[in-house]
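**Student:** Dumping the structure here so I can ask a few things about it.
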């Protein structure tokens, strides 16, 4: 996504899509009568098939980043459903398509239910798991010979409408399916699901903690991908006419899909379309010159070189240098056409497209690093310069009165194997408190934060928020109950602007809303943490202090009751610490209860209304700062051993 | 009796799976590179053995004198490339997938896509077998098993007992920190890449002894070999060997009891179960790798 790109749905984009679709439909309906060669229709039909496949793959693997090597599952099941039912059992073609869709959707849900329940699932393992599925299915088809008769199945063409020939028909069908897939891909990208999937792509744990129901959105994405892939596979059976295990379950299908998506770009709905057009065009030209044996070599080289040099894909590069690409296309295409010494129209067009792609990729990379960061200079030394709020009120304003118990830990323990990270913690957190959580390294502070935010489940004991036991809830449910946290090492969503980082948290917070509604609110939260001037910047251009402020803005964006700050001041210089302290105080005054893990006792003495000291997993002291700090046990355990603090 | 024979034959074939998997597993575990091109090295190794034997009548095992150094260099070059590109773990999977596709297509252009097998006249190993009582073991699978055992033992000893091995394990745990303590990451990773290339040469030669070759076989190895890598635990040398045997036995027994075609079905179902229950590998002690 380019900076400044408006991510909300634009009527203009929809209109352009609709016009292109109508144009292509008209081409299919009337083109042959006007002398449009029918082999172009075949080629366009092939392009449409791959657009549909790659777009369906992109829903999960592109948007959410779960790379699948298993697209052949859907192509195979879809094609087999149609081929076997219509070819061997006489079912009408149009009845088989929805059946294929349902079947593939169910298989996708099955894969998702297994894969996404794996606790320690990593992207690589998911990729290999999806690789195994087509193997299993093709083995199944081979064993049960009565599925396809053991030889493959011929797909009978359906009854055609009177004035269409078969080429036109298969092209129009493929076009409709491709339009459906691209449409879904477009709508998903511009919906709540799109924001959720991007958040999952960037950092799944953070997304979950901010309230995104990650499992649900991954299931939606994989199921939608399965349904679309199945429909396209079903139409593919008709296109190829004869279906065998090798032709639809083979590795070439995921290979093509991956190369197209990597080439086109995976974060945007248009990427797979671009990739499919280019790759199919190139393949077609290579085979027209009898270079079929070079096909795979080109594909492999494109994949290897692009992943290493331009992992963001063609789409982003084209947006960076649209004119250079256009000029390259016009020049190459024009020179070839005028000189007319080599090839025919299609060669010239494909050559022009390749030139445009090359120009965009090479030139776009030079522009890419200089992302337009917000113009204001860094303001960490004098943070007040950019601070829109009168910060001096902080010291004079009364802290909110302490109210009822919000969070209640009852005999909470967490063991990692034999290590007792926390033992028997009983702790009440009251509304309006600002609790400093201190203790030597390894005393269990971060473990307690992880338990409260739901990242871990306690071994024993219960944690109540407003009387509700949260120990069995998923982290996103805990977020909706009113718990938010920051991370010691900031984990921003790297592909979103600072504003959208916060807006995503608002969208999936306690009161769900759309991205458009969330953005203005996000600016308010950014102002609270003095980051308003960096709303359009990307996290990569922020320094540590600014990232930690962003963490806080994102955490309060979900409108929490309790905010857990995990070492939010670590690694800051004194001026930055002062600024961060002001921000924490401002958040506290807005009515949010805060638990802050911190080593700087000087800071906690100023800030905290109460201090809890942990040592070796138990509560050593708990009370107001002055009393706790003079407790001999605390001095011995904490200050004594770490006198340099 | 059939089942006993199938179990033992399966275990021996499992040696070949382990031999194929070990390079993948170690580079993944130690160097954080998922090197699919390793399959390409095995394939080219097998074809080189086939070509040398067929053209000049060399004994197939003697071709190792050529394939081992060639694959050592190829493995090291690949590793150098991955190092230079500084790829993430996942991107290494994609880049090496691209390289594998190229390798397979090149093999197909050079040696054709048809099945090719070494002539029985030049390949005395293919037809010989050793029988113990009523059990019969083909020499080729015995050879694969012994070689795999030696490689695994060697790799295990190198990784556990030698200074180089300790340095490699340090890289596996934290390569930046290992570097700070003076471990030369680049040189060692080249060495390791070369060594894993060597295992590919061995696997390729052994495969060529008993099987007909076609470039597409490289894809067929995917499933079984990754099953072995994941079941054995990524980077675990002994685990890989054990998992290879286990996978071989499962395939062998299922083939006899039901039909050969059901073997992959059972196998992959077993892998999914294993992933659900023991995601770090069957033999892991639960320690973080």
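**Student:** May I ask you to verify whether residue A:182 is surrounded by fewer than 23 Cβ atoms within 10 Å (Cβ to Cβ) and either assigned to a helix (DSSP H, G or I) or under 32 Å from the mean Cα position of the chain (by Cα) (or both)?
**Tutor:** The answer is no for residue A:182.
**Student:** What number of residues in region B:225-243 are within 10 Å of another protein chain (Cβ to nearest Cβ) and either in a helix (DSSP H, G or I) or at positive phi (or both)?
**Tutor:** Qualifying residue count for the region: 4.
**Student:** When you look at residue A:296, is it within 23 Å of residue A:134 (Cα to Cα), surrounded by 20 or more Cβ atoms within 10 Å (Cβ to Cβ) and in contact (Cβ under 8 Å) with a residue 60 or more places away in the chain, yes or no?
**Tutor:** No; evaluated as a whole, the condition is false for this residue.
**Student:** So residue A:289 fits all but one of (1) farther than 30 Å from residue B:108 by Cα; (2) more than 12 Å from every other protein chain (Cβ to nearest Cβ); what number is the exception?
**Tutor:** If we test residue A:289 against (1) farther than 30 Å from residue B:108 by Cα; (2) more than 12 Å from every other protein chain (Cβ to nearest Cβ), just (1) comes out false.
**Student:** Could you check, for region B:118-134, whether at least one of its residues is buried (at least 21 other Cβ atoms within 10 Å of the Cβ) and part of a helix (DSSP H, G or I)?
**Tutor:** no
**Student:** Between a first residue in region A:448-465 that is buried (at least 16 other Cβ atoms within 10 Å of the Cβ) and a second residue that is assigned to a helix (DSSP H, G or I), which pairs have beta carbons less than 6 Å apart while being 6 or more apart in sequence or on different chains?
**Tutor:** From region A:448-465, the pairs are A:453/A:209; A:454/A:475; A:454/A:478; A:456/A:450; A:458/A:451; A:465/A:481.
**Student:** On the given criteria, is residue B:28 closer than 20 Å to residue B:168 by Cα, within 14 Å of chain A (Cβ to nearest Cβ) and at pLDDT 90 or above?
**Tutor:** No; evaluated as a whole, the condition is false for this residue.
**Student:** Which of the residues spanning region A:237-282 are over 28 Å from residue A:348 (Cβ atoms), away from chain B (no Cβ under 14 Å) and not in a loop (DSSP other than H, G, I, E, B)?
**Tutor:** Matches in region A:237-282: A:237, A:238, A:240, A:242, A:243, A:248.
**Student:** Pull up region A:76-123, narrow it to residues that are assigned to a helix (DSSP H, G or I) and at pLDDT below 85, then point me to the one that is farthest from the chain's Cα centre (by Cα).
**Tutor:** A:88
**Student:** Of the residues A:394, A:385, which single one is outside any loop (DSSP other than H, G, I, E, B), surrounded by 14 or more Cβ atoms within 10 Å (Cβ to Cβ), at pLDDT below 75 and out of contact with any strand residue (DSSP E or B) (no Cβ under 6 Å at 6 or more places or on another chain)?
**Tutor:** Step by step, each of A:394, A:385 is checked, and only A:394 is outside any loop (DSSP other than H, G, I, E, B), surrounded by 14 or more Cβ atoms within 10 Å (Cβ to Cβ), at pLDDT below 75 and out of contact with any strand residue (DSSP E or B) (no Cβ under 6 Å at 6 or more places or on another chain).
A quick yes/no check of all residues on (1) buried (at least 17 other Cβ atoms within 10 Å of the Cβ); (2) part of a strand (DSSP E or B); (3) at pLDDT 80 or above; (4) within 12 Å of another protein chain (Cβ to nearest Cβ):
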| position | (1), (2), (3), (4) |
| --- | --- |
| B:77 | no, no, yes, no |
| B:84 | no, no, yes, yes |
| B:92 | yes, no, yes, yes |
| B:96 | yes, no, yes, yes |
| B:109 | no, no, yes, yes |
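**Student:** Turning to a different aspect of this structure: Considering each of B:222, B:265 in turn, give the residue that is surrounded by fewer than 21 Cβ atoms within 10 Å (Cβ to Cβ), at pLDDT 75 or above and either touching a strand residue (DSSP E or B) at 6+ places or on another chain (Cβ under 8 Å) or assigned to a helix (DSSP H, G or I) (or both).
**Tutor:** Among B:222, B:265, only B:222 is surrounded by fewer than 21 Cβ atoms within 10 Å (Cβ to Cβ), at pLDDT 75 or above and either touching a strand residue (DSSP E or B) at 6+ places or on another chain (Cβ under 8 Å) or assigned to a helix (DSSP H, G or I) (or both).
**Student:** Right, another one. Residue A:55 - would you say it is in a helix (DSSP H, G or I), assigned by TED's automatic domain parsing to the domain that holds residue A:136 and modelled with pLDDT under 90?
**Tutor:** Judged against the criteria, residue A:55 is not a match.
**Student:** Could you tell me whether region A:67-75 includes any residue that is out of contact with any helix residue (DSSP H, G or I) (no Cβ under 6 Å at 6 or more places or on another chain) and either assigned to a helix (DSSP H, G or I) or surrounded by fewer than 22 Cβ atoms within 10 Å (Cβ to Cβ) (or both)?
**Tutor:** For region A:67-75, residues out of contact with any helix residue (DSSP H, G or I) (no Cβ under 6 Å at 6 or more places or on another chain) and either assigned to a helix (DSSP H, G or I) or surrounded by fewer than 22 Cβ atoms within 10 Å (Cβ to Cβ) (or both): absent.
**Student:** Mind checking whether some residue in region A:541-560 is at positive phi and outside any helix (DSSP H, G or I)?
**Tutor:** yes
Listed here are the residues, each with its yes/no results for (1) assigned by TED's automatic domain parsing to the domain that holds residue A:615; (2) at positive phi; (3) assigned to a strand (DSSP E or B).
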| residue | (1), (2), (3) |
| --- | --- |
| A:411 | yes, yes, yes |
| A:414 | yes, no, yes |
| A:423 | yes, no, yes |
| A:473 | yes, no, no |
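**Student:** Tell me, yes or no, whether region A:109-122 has at least one residue that is over 16 Å from residue A:219 (Cα atoms), away from chain B (no Cβ under 12 Å) and surrounded by fewer than 17 Cβ atoms within 10 Å (Cβ to Cβ).
**Tutor:** Checking region A:109-122: not a single residue is over 16 Å from residue A:219 (Cα atoms), away from chain B (no Cβ under 12 Å) and surrounded by fewer than 17 Cβ atoms within 10 Å (Cβ to Cβ).
**Student:** State yes or no: is residue A:341 more than 13 Å from every other protein chain (Cβ to nearest Cβ) and more than 30 Å from the chain's Cα centre (by Cα)?
**Tutor:** Criteria met by residue A:341.
Residue-by-condition table, conditions (1) in contact (Cβ under 8 Å) with a residue 60 or more places away in the chain; (2) over 20 Å from the mean Cα position of the chain (by Cα):
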site	(1), (2)
A:495	yes, no
A:514	yes, no
A:521	no, yes
A:540	yes, no
A:552	yes, yes
A:563	yes, yes
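The values are calculated or read from the model by the stated rules, or taken from the named source; none is laboratory data. The structure displayed is predicted, hence computed values, not measured ones. Glycine also receives a Cβ, built like all others from the backbone with ideal geometry; neighbour counts cover every protein chain displayed.
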